[in-house]
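Worksheet: one structure, shown below.
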Amino acid sequence: MEEDDGTKQLSIYRAARTIKRRQNTLYNALKSIYDDSIFVGEISQLWPDLPLLANLRCGLWYSPTTNFHSTCYFKSTDGHTNNWSFNTSRLNLHVAQLAGQKGGCFIVDATRKGKRFPDSMSKTIPIWTCVLNRAIYRHLKKDHQSDLFNDEELSTSGEHSEENGQTNFDWDCSLHLPLWVSETEKASIEDRLDEWTQQLEASGADIASLASLLKKPLRPLWISQKTVIWLNEVPDHESWDFTPIILVSASASNGVVPHRTSSEFSWNYIAGAGDDEESWARGLTPTLFWNHAYDIIDVGPVLCNQMVADIVEKDRVYRARRGQIAPQVSVKAPNLVENSVHCLLGDSLLPLDISNTNMDLNPCDEDCPMSWMGSTGLAVGISPTTAVSKVDCILNCDQESIPVSHRNAKAYMHLPMVTSKFDRFSLLNNLPSAVNFAKLNLSEGKTLLICCHNGEDISVCICLAILTSLFDDRGTFDGGSFFSETCITKLEMRRRLVTICKYVVNARPSRGNLKQVFGFLNGGRAVVENGPA
């Protein structure tokens, strides 16, 4: 009897899985994204002056890429219950700078889990805004004699009061969480705010620049498809006493009937369909989708897969003819080879054509988007498709070699690497050669481009290792003298990473790769001290 019950349960489980697979088709995902994008477009038009940002990677699907001003990277895991975190390797300072310049911004994301908002919006971003506000307040309090907050301005504007000889700025430092977060959880988060603020200050982040840009404290607002907005009473964002970070959850929650019918086709709605794109997108990227969105939606569920396959293949051929890395894509996610994974990730993570918020950055080359690290001579970017005239040397960390003229051993080095997800020691094994190559060329006053397939992870970690190994704490090249006499702690490494993120605003170094860099910095001194082999 028990065996029969087990067989019956297994059959029900298999049947449920089969039904789910049939519902989670490519057409259902793309049609769901398309419908949700209409809501995102309507909300963004309520305050058309505010820039639209996509929270990578899911949020990038929910509006044409040309509509996004920039991208950001707030992880839901940093907001999970009892796992709250303020991650200094993902400071997203460019978001705060942009909000200060424009008076606020939108951030778009979605969630599959049936909730109205992902944890990135419910807790990660509110924690981020609160910590930044506290750091800015402490900076202003120390520097209240500055031009922005001199005594005369403060006394006439009413933004401070003198009590017992202390200056109290009218700057909101409280934690603003949505109503669905319990008071108990809120209290637990508040207990750690001072610790996170100290970590931010110790990281070396440029709080002074943020304080000069932000005239009002940051504050999150939440908008979903269930939010009621009276269109004749939409307030002017400039009238608020804070800088709004408007969090738009694109997907509908559980209250929506999954099965929908359009004029021609029936389809099933998928909440947060843009999440985990490797498992369903079949090589399609947000840019490709929006270039062909109307054709894909109109063709219907029967012909959708074939049309997407044709679009992906035509794009692959087009890029291959231009000399770009364009391996064929397998549509079976579990059997993806390493290069196919890179292809799936590549285009969807390319940095958008965004306005620079840092005046120290040089303009990017169209064929080789790169970010210069101030006056260090180092640049981080995407593997170029043609010869690059702006740099003397190239350190290529991509899987494929690149068709450039830097072919001699002194000006070009190819060290194929993969992330820690695929090889726990790939970065660590190649770091000695990378640092020696950099030392050889930087000592001669040459400029060096460090590139990988997306310019966000591996190349950032290589740059971190080079910057820490060969430069002193002021950013001056010394060939490793400072490094040989200094104990590199996680705090020191974090400070260097914050400096890099100031210039490479799309940096997204993985935790596994950062661990390999830290391991090298604490075990690879002999390599640097002995110089090139």
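The values are calculated or read from the model by the stated rules, or taken from the named source; none is laboratory data. Treat the numbers as computed from the prediction; the structure is a model and nothing was measured. For neighbour counting, all protein chains shown are included, and Cβ atoms are generated from backbone atoms with ideal geometry for every residue, glycine included. The accessibility values were calculated without ligands, DNA or RNA, using every heavy atom of the protein model including side chains. Shrake-Rupley method; radii C 1.70, N 1.55, O 1.52, S 1.80 Å.
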Problem - Label point distance in nm, Ala293-Asn83, each placed 7 Å from Cα along Cα→Cβ - result: 3.2 nm
Exercise for the section: Pull out the extension gain between Asn429 and Glu183, defined as 0.36 nm times the separation in residues minus the alpha carbon to alpha carbon distance; nm, one decimal. Expected result: 83.8 nm
Practice task
Evaluate the distance, in nm, between pseudo-label points positioned 7 Å from the Cα of Lys102 and of Glu278 along their respective Cα→Cβ axes.
Solution key: 3.0 nm
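Can you pull out the GluC sites (Glu not before Pro) in segment 217-308 whose DSSP state is coil and whose Cβ has at most 16 other Cβ atoms within 10 Å? The partial results should precede the final answer.
Values: sites: Glu233, Glu238, Glu264, Glu277, Glu278; in loops: Glu264.
Sites meeting the loop and neighbour criteria: Glu264.
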Practice task
Would you tally the net charge around Leu93, using a Cβ to Cβ cut-off of less than 13 Å, leaving Leu93 out, and scoring K and R as +1, D and E as -1?
Solution key: +1
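So, by mean Cβ neighbours within 10 angstrom, what's the order for 221-231, 299-309 with the highest one leading? Could the numbers behind the result be given before it?
Numbers: 221-231: 13.4, 299-309: 15.8.
Taking the mean over residues of other Cβ atoms within 10 Å, the ranking is 299-309, 221-231.
With a sphere of radius 12 Å drawn around the Cβ of Leu213, what net charge do the other residues whose Cβ falls strictly inside it have (Lys, Arg +1; Asp, Glu -1)?
Numbers: positive: Lys102, Lys215, Lys216; negative: Asp206.
Value of the local net charge: +2.
How high is the FRET efficiency between Glu400 and Ala309 when r is their beta carbon distance and R₀ equals 22 Å, given to the nearest 0.05?
Numbers: r = 23 Å, r/R0 = 1.04.
For R0 = 22 Å, the calculated efficiency reads 0.45.
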Exercise for the section: Please report how far the C-alpha centroid of segment 304-318 lies from that of segment 72-127, rounded to the nearest whole angstrom. Expected result: 33 Å
Handout entry: Asp194 versus Asp206: modelled label distance in nm, points set 7 Å from Cα along the beta carbon direction
Key = 3.1 nm
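Among the DSSP beta bridges whose two residues both lie in segment 370-524, what percent are antiparallel, rounded to the nearest 5? Please list the in-between numbers first.
On the way: 4 of 16 bridges.
If we restrict to bridges inside segment 370-524, about 25 percent are antiparallel.
In what sequence, highest mean first, do 266-275, 82-91, 476-485 appear when ranked by Cβ atoms within 10 angstrom? Write out the running numbers ahead of the final one.
Working: 266-275: 22.4, 82-91: 17.5, 476-485: 15.4.
Peptide ranking by packing, descending: 266-275, 82-91, 476-485.
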Exercise for the section: Run the accessible area of segment 370-524 with a 1.4 Å probe and give the carbon-and-sulfur part as a rounded percent. Expected result: 50 percent
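Ser375 to Asp241: FRET efficiency via 1/(1 + (r/R0)^6), r the Cβ-Cβ distance, R0 35 Å, to the nearest 0.05? Working shown, then result.
On the way: r = 39 Å, r/R0 = 1.13.
It comes to 0.35.
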Handout entry: Protection-proxy order for peptides 210-216, 282-288, each taking the mean of Cβ atoms within 10 Å per residue, highest first
Key = 282-288, 210-216
Handout entry: For Asp392, net neighbour charge (Lys/Arg +1, Asp/Glu -1) across residues whose Cβ lies under 12 Å away
Key = +2
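Number of Lys-Lys pairs in segment 370-524 under 12 Å by Cα, sequence gap 8 or more or different chains? Show your work: numbers first, answer last.
Working: Lys390/Lys446; Lys410/Lys439; Lys410/Lys446; Lys490/Lys515.
The number of close lysine pairs in segment 370-524 is 4.
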Exercise for the section: Multiply the residue gap between Lys141 and Lys490 by 0.36 nm, knock off their C-alpha separation, and tell me the result in nm, one decimal place. Expected result: 122.8 nm
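Multiplying the sequence separation of Asn232 and Val317 by 0.36 nm and subtracting their Cα-Cα distance, what value in nm do you get? Write down the numbers at each step before the final one.
Numbers: separation 85, 0.36 × 85 = 30.60 nm, distance 5.00 nm.
Once the chain is fully extended between Asn232 and Val317, it gains 25.6 nm.
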